[in-house]
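Participant: One structure, as structure tokens, below. Some questions next.
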Amino acid sequence: PVGIVAGLIIWRVFHERFERQRHRLDWEGGVCLTLGIVALLVAVSEVGPALGWTSLATFGLLVAAAVLLSLFVRIERRASEPLVDLDLVRVPLIGAGLAISVLAGVVMFGVTTYVPPMVQGVHGGSPLEAGAAVGAMSIGWPIGSVIGGRALIRFGARRVVVAGTAILVVGTVLLSQIGRFDALAFAMAGAAVTGFGMGLITTNILVSIQGWVAWQRRAVATGLVQFSRTIGGAVGVGVMGGILSAFVGAASSAILDPTQAAGATAAGRADLAAGLGWIYWIVVAAAIAAFAIAVRAMPDVRLTAHDVEPAEEAIPRSAEAPERPPTLDGARPRSSVDRARPS
């Protein structure tokens, strides 16, 4: 019912003007990208339960992924209508935003996947408690999104994203200690802080990139942001799953199964806690890397209701640099010189 109501609102309220044009689908690039991502995901997800990091099959899959993705980049460079416009990635705002999104995906998927096993498998909590621990993340996230949206207009994207990644570091550090503190409230607090940071980051990066690119490229830019976060999370979860399997192996299913948890040994729970401890520090490392990228590479882009105002260092200086895109209301963004002229 919620989806139906949302669809009706969009149908009645959202009206857009567009010009229909014939386009050529980039089939070659799409096939190479799909096969390359599949090979990469199979390689990282099957490490541990079926394959080892040094096995011939894992090595072959990783090589195949590298070759296919390299071929994809080559195809995109010469395609008339590329699936992924590589020129967008070279824009400082978009390049930094995509890198942060990849790392944010690692954090998001890592928290939602590997916090419940600690609460339920190690501390002996119920499935409801395990769900409540990560459910707090979905409470902090929308709060961060609402606050971040207002802060974006007042302070600019750089300050908000830097603050969001800093909060993300704090939240993941708190979660890295849930092995020491078995209180459910502690895990929920860590997840809520992490979600708050995610809300500040994801919304501001997406809106800033959408406001920067031209209208014709907005869908491609939006897809890149969502795709980067999903791929970062999928690859990160695969790697972390391999690490957990190395510590626990097949015993993890018995520990986490409510019908068999009573027979789980203390040694098995200790192995699970040790594996999860390493995973949490990987999540912390991803958050720290996102913070470092935000501090060093995130340009200062200010978004208002009427224009997008990049700072001087955010504007490409090369002769090939694209024109500044239309503003949210369709007008050209005004430069500092334009704003200084009398109306």
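Participant: Any idea how many residues of the range 85-94 are modelled with pLDDT of 80 or more and within 16 Å of GLN226 (Cβ to Cβ)?
Facilitator: Residues in the range 85-94 being modelled with pLDDT of 80 or more and within 16 Å of GLN226 (Cβ to Cβ): 3 in total.
Participant: Residue check: is SER176 more than 28 Å from GLN210 (Cβ to Cβ), of a type in the set (Ser, Thr, Tyr) and modelled with pLDDT under 90? Working first, answer last.
Facilitator: Details: more than 28 Å from GLN210 (Cβ to Cβ): yes; of a type in the set (Ser, Thr, Tyr): yes; modelled with pLDDT under 90: no.
Here the answer is no, as SER176 does not meet what is asked.
Participant: From (1) surrounded by 17 or more Cβ atoms within 10 Å (Cβ to Cβ); (2) modelled with pLDDT under 85, pick out the condition that doesn't hold for ILE279.
Facilitator: Of the numbered conditions (1) surrounded by 17 or more Cβ atoms within 10 Å (Cβ to Cβ); (2) modelled with pLDDT under 85, the odd one out for ILE279 is (2).
Participant: Something else about it: Six or more apart or on different chains, Cβ atoms under 9 Å: show the pairs whose first residue is in the range 82-108 and at positive phi and whose second is in a loop (DSSP other than H, G, I, E, B) and surrounded by fewer than 22 Cβ atoms within 10 Å (Cβ to Cβ).
Facilitator: none
Participant: Does the range 262-272 contain any residue that is open to solvent by less than 50 Å² (accessible area, probe 1.4 Å) and modelled with pLDDT of 80 or more?
Facilitator: Filtering the range 262-272 down to residues open to solvent by less than 50 Å² (accessible area, probe 1.4 Å) leaves 264, 268, 272.
Now narrow it down to the ones that are modelled with pLDDT of 80 or more: 272.
Among the residues of the range 262-272, at least one is open to solvent by less than 50 Å² (accessible area, probe 1.4 Å) and modelled with pLDDT of 80 or more, which makes the answer yes.
The values are calculated or read from the model by the stated rules, or taken from the named source; none is laboratory data. The structure displayed is predicted, hence computed values, not measured ones. No Cβ is skipped: glycine too gets one built from the backbone with ideal geometry, and neighbour counts run over all protein chains shown. When the accessible area is computed, the model is the full protein with side chains, heavy atoms only, and any ligands, DNA or RNA have been set aside. Shrake-Rupley method; radii C 1.70, N 1.55, O 1.52, S 1.80 Å.
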